[in-house]
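Chemist: Dumping the structure here so I can ask a few things about it.
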Amino acid sequence: MSFDIICFDCDSTLSKIEGIDELARRVGLGEEMARLTNAAMNGEVPLEAVYGQRLSMIKPDAQSIDWLADAYITERVDGVEEVFAELLALGRSIHIVSGGLRQAILPLARYLGVPEAQVHAVDVYFHEDGSYRSFEESSPLARTGGKAEICRQLLKPGSKLAMVGDGKTDMEAKQAGAYVVGFGGVVDRTIVRELADVYCPDQNLNAVLTHIL
């Protein structure tokens, strides 16, 4: 199968880290946060049950978001540059669809050649002094089913869309008619193996090209 619109998750898909967990570790809340993140990604609790809770505990400031942006690029998954270069050369429309924080993901997107308008993530807001204020609570990506909503908006008549990701929230894209490629190169989740249309356990992202071109 060949797809003209290809959406990628960010955390544990394009980069080897879970951004929210890294921010938590930075303020001494790592283990607790990892439990909440895993519960959401494994489908044990709805995303909205933990999203605001995690941010209100961490209170990430502007400086920590810049730090995370650098970490996303440093910890990028093997093969990601080649995959994006090939897809862009073939004229495919690439989108990053993530429940992560948009300001932290944008530098990685620029690095990979993805326009800002094609990055769908959750905005974070700061006070004038750079301290944490709030997040985009109305974003569909901060709740269960949000990735399906974004995919419905992107899916044009006559086009075919694939979603590549590692978590339960990525599997929800199937509700919008997306073909879902489960990527297990960073985290191997049983629920993703079960729900994905096809599953890639390879650590190199190049493995997904076979299924989307």
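The values are calculated or read from the model by the stated rules, or taken from the named source; none is laboratory data. Since we're looking at a predicted model, the values are computed, not measured. All Cβ positions, glycine included, derive from the backbone under ideal geometry; neighbour counts span all protein chains shown. All accessible areas refer to the heavy atoms of the entire protein, side chains included, with ligands and DNA or RNA removed. Shrake-Rupley method; radii C 1.70, N 1.55, O 1.52, S 1.80 Å.
Chemist: Just give me the residues in the stretch 144-153 being surrounded by fewer than 18 Cβ atoms within 10 Å (Cβ to Cβ) and either modelled with pLDDT under 95 or among the aliphatic types (A, V, I, L, M) (or both), in sequence order.
Modeler: G145
Chemist: Consider G158 carefully, then state whether it is touching a residue at least 40 places away in the same chain (Cβ under 8 Å) and assigned to a loop (DSSP other than H, G, I, E, B).
Modeler: Spelling it out, it is not the case that G158 is touching a residue at least 40 places away in the same chain (Cβ under 8 Å) and assigned to a loop (DSSP other than H, G, I, E, B).
Chemist: Taking the stretch 114-141 on its own, how many of its residues are open to solvent by 40 Å² or more (accessible area, probe 1.4 Å) and in a helix (DSSP H, G or I)?
Modeler: 3
Chemist: For the stretch 180-188, state whether one or more residues are buried (at least 20 other Cβ atoms within 10 Å of the Cβ), of a type in the set (D, E) and closer than 21 Å to L14 by Cα.
Modeler: No, the conditions are met nowhere in the stretch 180-188.
Chemist: Right, next: Being in a helix (DSSP H, G or I), open to solvent by 40 Å² or more (accessible area, probe 1.4 Å) and in contact with a helix residue (DSSP H, G or I) (Cβ under 8 Å, 6 or more places away or on another chain) is the filter here, so list the residues in the stretch 192-213 that pass it.
Modeler: Passing the criteria: L195, N206.
Chemist: Still on this structure: Among K168, K156, which is open to solvent by 20 Å² or more (accessible area, probe 1.4 Å), modelled with pLDDT under 95 and over 28 Å from P201 (Cβ atoms)?
Modeler: K156
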